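Below: the structure, in structure tokens.
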Amino acid sequence: MSADNFFTDNPDLSFRLQKTDLQEVVRIKEKNYSFHTAYLTAPRNYADAMENYRLMLEVLGDICANVVAPAAAQADEQGALFNHGQVNLCGRYR
């Protein structure tokens with residue numbers, strides 16, 4: 001069984017993100033939401049920040065499920081090589 005998205009396909013992760021009180025941590029990380037004055041798309045409050053984090057986790061979940069996971073077994077067997085400033089993974093440069 002393969003996942004389409006490692007974040008959205010795992011209800012436990014979504015539940016934890018929703019139910020864990022991260023208000024103080026997020027406020028500190030977001031510098032008390034002061035970035036919004038310079039960047040209009042920066043979070044203005046906790047709800048904005050959590051929505052941004054959720055969206056980021058959805059994107060990362062998709063990348064992990066559809067890019068990383070399909071190449072993982074071959075990458076584990078072959079390994080990655082750093083050559084001339086590039087990582088060669090499974091015979092492809094990235």
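The values are calculated or read from the model by the stated rules, or taken from the named source; none is laboratory data. All of these numbers come straight from a predicted model, not from anything done at the bench. In this analysis, Cβ positions are derived from the backbone assuming ideal geometry, glycine residues included, and neighbour counts consider all displayed protein chains.
Going through T20, T41, T37 one at a time, which residue ends up being among the β-branched types (V, I, T), free of Cβ contacts under 8 Å to residues at least 40 places away in the same chain and farther than 30 Å from D4 by Cβ?
Answer to the check: T37.
What number of residues within segment 1-30 are among the charged types (D, E, K, R), surrounded by 14 or more Cβ atoms within 10 Å (Cβ to Cβ) and under 30 Å from P70 (Cβ atoms)?
So the first thing to find is which residues in segment 1-30 are among the charged types (D, E, K, R), and the list is 4, 9, 12, 16, 19, 21, 24, 27, 29-30.
So of that shortlist, the ones also surrounded by 14 or more Cβ atoms within 10 Å (Cβ to Cβ) come out as 9, 27, 30.
With the extra rule that they be under 30 Å from P70 (Cβ atoms), the set shrinks to 9.
Of the residues in that region, 1 qualify.
Of the conditions (1) at pLDDT below 95; (2) exposed (fewer than 13 other Cβ atoms within 10 Å of the Cβ); (3) in contact with a Pro (Cβ under 9 Å, 6 or more places away or on another chain), T41 satisfies every one except a single condition; which number is it?
Here T41 meets the rest and fails (3).
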